[in-house]
Amino acid sequence: MAREPKYSYIDPKNGNVIFNGPLEITKSDHKGMASRTEAYLPGDEKGHLCASSLSPFAVNSTVNVVPQNGVDINHGAWLQIENGERSALKAGASIHSEKIAYVDGQIGDRPHTFANNDHVTFPDGHNEIIYFSLPNESYANQSAFNDLSVAFPDTFGDTEPTDELRSENDIAQYAELMESSDLLLLSIADEYTAADYYGLPAAAMVDSAAESANTAAEDTTDADISAEDIAAGCDNDL
């Protein structure tokens, strides 16, 4: 049975490619992949916006397959997101995912940015929103862009009113600080692990509240009895 692009479409106004629907683990299918076009740059691969192994509606046409940097996005950050989603689903979570390849041009143009917005409901009842935005560039090119911003501080170095770190450091120092901070962050896939979810699910909260109410009632009863015993003791002494 052929897959239908139930949750995939292209915005005719700007060429953005969008998947918006639930995820589930399914058998991967790469049959009839869309052909490469002149929009593909050297190093690009045919990248699924939604992996065919994460939805039975993830098709292999241009409504879901776009030019994507091969090494650092398709086999790098985007793959980490998919691995995180897959791990969460295997752990019993449910995920509604909005994935967008931003073109901001004509239909069929190369996306400049990928965004992934997952609404995750974990087995404990908690809802989490996990969002990533990734430029469709190699890490080397991203580093080159950072170097360019250092070379032209008046053009790329505008400060944010609330960014005290940037105002206290020059651009080179700030870039170094951000890069060192990134090394300390969890990997993308780790954002989907069970350890990130905490607290009591709704049912447990109700049980906990009832238990607290019962305990409070018992404490009140004990206090009343103690008061009566004390009063009786006083009467006996008179």
Requested in this report: For the range 41-145, build the charge dipole from Cβ charges (+1 Lys, Arg; -1 Asp, Glu) around the Cα centre, then report which of Thr121, Pro56, His75 sits farthest towards its positive end.
Outcome: Pro56
**Report entry** Cross-link table Lys46/Lys90; Lys6/Lys31; Lys31/Lys99; Lys6/Lys90; Lys46/Lys99, entries beyond 20 Å C-alpha to C-alpha
**Finding:** Lys46/Lys90; Lys31/Lys99; Lys6/Lys90
Report task. May I ask you to list the residues of the range 11-46 whose amide nitrogen lies under 14 Å from a point 7 Å from Cα along the Cα→beta-carbon direction of Ser133? Result -> none
Requested in this report: Kindly provide the GluC sites (Glu not before Pro) of the range 7-94 that DSSP labels as loop, not H, G, I, E or B, and whose Cβ sees at most 16 other Cβ atoms within 10 Å.
Outcome: Glu24, Glu38
Query raised in the report: Asp44's amide H: which non-local residues (gap 5+, or another chain) put their own amide H closer than 5 Å, with H modeled 1.01 Å from N in plane and none for Pro or chain starts?
Result: Gly70
Report task. Report Rg/Rh for the range 1-86, rounded to two decimals, where Rg is the Cα radius of gyration and Rh the Kirkwood radius. Result -> 0.94
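Any read-out appearing in this document is the output of simple, stated calculations on the displayed coordinates, not a laboratory observation. All figures in this text were calculated on a predicted structure; none of them were measured in a lab. With ideal geometry, Cβ positions are generated from the backbone for all residues, glycine too; neighbour counts draw on all protein chains shown.
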